[in-house]
Amino acid sequence: MSETPLEYQRDVLETVVDEAVSEGMTSEAEAEQLRNRLESLESMRSVDRLWDDLSEEYELLEPA
């Protein structure tokens, strides 16, 4: 069974958060908050908001 776009985005976001912790870009406490948000994602709109937050609030993403 193939995963849905929402499941795929959750997996990608989880990887981004894990890598941010391993590279020292965020604390384990912040990562736990993000993981809690990941668990509650119910729509692609909420995924988009989390991507925006990762970029703006947490500064975990480099500008394109």
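The values are calculated or read from the model by the stated rules, or taken from the named source; none is laboratory data. It should be emphasised that the depicted structure is a prediction, and the values quoted were computed from it without experimental measurement. Cβ placement follows ideal geometry from the backbone for every residue including glycine, while neighbour counts extend to all protein chains displayed. The accessibility values were calculated without ligands, DNA or RNA, using every heavy atom of the protein model including side chains. Shrake-Rupley method; radii C 1.70, N 1.55, O 1.52, S 1.80 Å.
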Per DSSP, loop GluC sites (Glu not before Pro) in the chain with at most 13 further Cβ within 10 Å: 3, 23, 42, 57, 59
Heavy-atom accessible surface of the chain: percent carbon and sulfur, 1.4 Å: 46 percent
Rounded FRET efficiency, nearest 0.05, which uses the C-beta distance separating residue 29 from residue 3 and R0 of 30 Å: 0.55
Solvent exposure of the chain as accessible area per residue, Å², 1.4 Å probe: 72 Å²
Hull volume in cubic angstrom per residue (convex hull over the Cα atoms of the chain): 93 Å³
Cβ-placed point charges (K, R +1; D, E -1), dipole of the chain about Cα centre in debye, nearest 20: 240 debye
